[in-house]
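The values are calculated or read from the model by the stated rules, or taken from the named source; none is laboratory data. Everything numeric here is computed off the predicted structure, so don't read it as measured data. Every residue, glycine as well, gets a Cβ built from its backbone with ideal geometry; the counts of neighbours run over all protein chains shown.
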Amino acid sequence: LRTGKHIFGAIYFDSVTTKIAIVGIDGTMKHTADMETQASRPEQFAQLCLEKLGMIRRQFHFPPFTGIGVSVAGIVDPALSKVVFAPNLGWADLDLAKIIRDCYPEVRIISLENDAKASAVAELWFGKHDINLSSFVFLLVDRGIGAGIVVDKNVLYGESHAAGEFGHMTLIEGGDLCSCGNSGCWEMYASDRATVLRYLAARHADPALSPRISMDDIIEKTRNHDDIPRKVLKESAYYLGLGIANIIKSVDPGAIIIGGKITQAWDIIYPEIMRTLGKRALLGKQRETGILPATLPTPPLLGAAALSIRKFFTDFRVTI
């Protein structure tokens with residue numbers, strides 16, 4: 001297989017920063033770029049990202065795209081390549097397939113997936129774990145929380161494509177109001193956004209400052225021997241542990257792989273997660289279920305490409 005002949009475009013739509021990439025068929029990131037998400041104009045913004053992708057391809061003299069893959073933080077219909085509902089973006093019933101085809105009518109492979117499910121595919125195809133990952137849950141901790149459930153190397157979708165929306169399971173009855181309309185959702189307590197707001201509260205700072213504070217900032221402060229961010233991260237890890245215990249009881253996976261910036265503080269969060277699991281998981285399952293950090297950079301972005309790469313090998317006869 002001539003790997004240089006086949007290039008894939010990838011876009012990851014997140015509520016704050018959208019990431020785009022040119023990816024080789026072997027999963028190598030050839031070039032990446034970030035764009036500030038313009039969530040209020042979904043059709044125009046998607047077209048802008050696709051145009052940027054094409055500009056990068058031409059600038060660096062890559063061959064035409066073999067496929068284009070997209071991952072989105074929300075519920076999607078992969079068969080129709082349509083965003084059904086993305087609460088953190090404020091998108092609903094968005095036909096991304098049509099937008100992509102209008103920009104790239106020559107591209108035969110178009111893939112769309114939920115960001116956590118795409119991350120699971122990336123880990124399945126390109127992950128570097130030394131264990132058998134035939135059945136696992138990929139837990140993506142970002143501004144929200146999502147999960148990709150893999151059983152016998154196949155992603156579980158559910159009747160309405162909403163399998164793995166654990167971020168919106170009720171963790172605290174009557175708790176904080178979530179953008180999905182529910183209250184007390186898991187992501188209101190364990191997501192990056194929750195961690196930042198908890199940190200600002202501990203500093204007695206205005207919550208309006210949250211866009212200026214990132215997980216990177218909080219993690220960096222822990223390395224400077226600041227006890228407040230360390231305590232905040234441990235509290236987020238505690239809430240992560242509560243939700244993970246429910247996942248273990250519900251799905252019984254071989255492993256749970258956690259992706260997201262919070263894993264940069266693995267030495268802080270892992271002991272707290274395991275301590276919480278030790279009090280709540282049944283039958284010693286917390287000892288049998290591996291809790292592991294993701295091995296790949298930006299899993300939802302690489303996952304977007306992995307979707308199209310997987311489809312390429314499935315749909316086409318490859319010349320060696």
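At-a-glance table
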quantity	calculated
Which numbered condition Q38 fails, given (1) assigned to a loop (DSSP other than H, G, I, E, B); (2) within 24 Å of C185 (Cβ to Cβ); (3) free of Cβ contacts under 8 Å to residues at least 40 places away in the same chain	(2)
Qualifying residue in region 193-202 (condition: outside any helix (DSSP H, G or I), surrounded by 14 or more Cβ atoms within 10 Å (Cβ to Cβ) and touching a residue at least 40 places away in the same chain (Cβ under 8 Å))	no
Extreme residue, modelled with the highest pLDDT, among residues of region 267-320 that are of a type in the set (G, A, S) and out of contact with any strand residue (DSSP E or B) (no Cβ under 9 Å at 6 or more places or on another chain)	G278
Qualifying positions in region 89-117 - touching a helix residue (DSSP H, G or I) at 6+ places or on another chain (Cβ under 9 Å) and in a loop (DSSP other than H, G, I, E, B)	L89, G90, Y104, V107, R108
Hey, S111 of a type in the set (G, A, S), crowded, with 22+ Cβ neighbours inside 10 Å and touching a residue at least 40 places away in the same chain (Cβ under 8 Å) or not	yes
Selection from region 223-246 of residues that are in contact with a Pro (Cβ under 9 Å, 6 or more places away or on another chain) and buried (at least 20 other Cβ atoms within 10 Å of the Cβ)	A237
Checklist (1) farther than 20 Å from K19 by Cα; (2) in contact with a strand residue (DSSP E or B) (Cβ under 9 Å, 6 or more places away or on another chain); (3) surrounded by fewer than 23 Cβ atoms within 10 Å (Cβ to Cβ) applied to V137, failing item	(3)
Candidate set: region 2-24, residues that are out of contact with any strand residue (DSSP E or B) (no Cβ under 7 Å at 6 or more places or on another chain) and assigned to a loop (DSSP other than H, G, I, E, B); chosen: the one surrounded by the most Cβ atoms within 10 Å (Cβ to Cβ)	D14
Qualifying residue in region 156-167 (condition: buried (at least 22 other Cβ atoms within 10 Å of the Cβ) and on the phi > 0 side of the Ramachandran plot)	yes
Residues that are surrounded by 14 or more Cβ atoms within 10 Å (Cβ to Cβ) and within 18 Å of the chain's Cα centre (by Cα), drawn from region 211-222	S214, M215
Flag if S81 is free of Cβ contacts under 8 Å to residues at least 60 places away in the same chain, crowded, with 16+ Cβ neighbours inside 10 Å and polar (S, T, N, Q)	yes
All positions within region 156-192 that are part of a loop (DSSP other than H, G, I, E, B) and of a type in the set (A, V, I, L, M, F, W, C)	L156, A162, A163, M169, L171, I172, C178, C180, W186
Qualifying positions in region 188-203 - of a type in the set (D, E, K, R) and touching an Asp or Glu at 6+ places or on another chain (Cβ under 9 Å)	D192, R193, R198
Residue within region 68-78 that is closer than 20 Å to F313 by Cα, among the small types (G, A, S), touching a Pro at 6+ places or on another chain (Cβ under 8 Å) and assigned to a helix (DSSP H, G or I) present	no
